[in-house]
Amino acid sequence: MATLAAADSATTPTADLREVTIVAHHVGVVGGMERILAELAMGLRRRGHPVTVIAYACDLPAGADVTFRRIRGPSRPFVLSYP
């Protein structure tokens, strides 16, 4: 665990920064996958990576400094929306 803590607190050199795009249905605090994606986006942003989220909905805290591109679609998967 000490290795993870040391790596997490280390600063990322500017040359190693990558633009990251996360594509998902929902990003936020609603469920397990959504919560993990939100933590991933905010963690990458804290390390200096530019992050873009492409999703139906994105519930990140104010000041997360993450670019959000909304896509239109049903609130549930198509099969569940129209039985």
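The values are calculated or read from the model by the stated rules, or taken from the named source; none is laboratory data. This one's a predicted model, so the numbers in the text were calculated from it and none came from an experiment. As a convention, Cβ positions derive from the backbone with ideal geometry for all residues, glycine included, and neighbour counts pool all protein chains shown.
Of the residues making up the stretch 48-60, none is modelled with pLDDT under 95 and part of a helix (DSSP H, G or I). Of all residues in the stretch 70-79, at least one satisfies being at pLDDT 90 or above and either out of contact with any helix residue (DSSP H, G or I) (no Cβ under 9 Å at 6 or more places or on another chain) or part of a loop (DSSP other than H, G, I, E, B) (or both). Across the stretch 61-70, the number of residues qualifying as surrounded by 14 or more Cβ atoms within 10 Å (Cβ to Cβ) and over 12 Å from the mean Cα position of the chain (by Cα) comes to 0. Scanning the stretch 41-60 for residues that are of a type outside the set (A, V, I, L, M), within 10 Å of the chain's Cα centre (by Cα) and farther than 8 Å from Val27 by Cα turns up Gly43, Arg45, Thr52. Screening Thr21 with (1) within 18 Å of Arg69 (Cα to Cα); (2) at pLDDT below 95; (3) not hydrophobic (A, V, I, L, M, F, W, C) gives one miss only, at (2).
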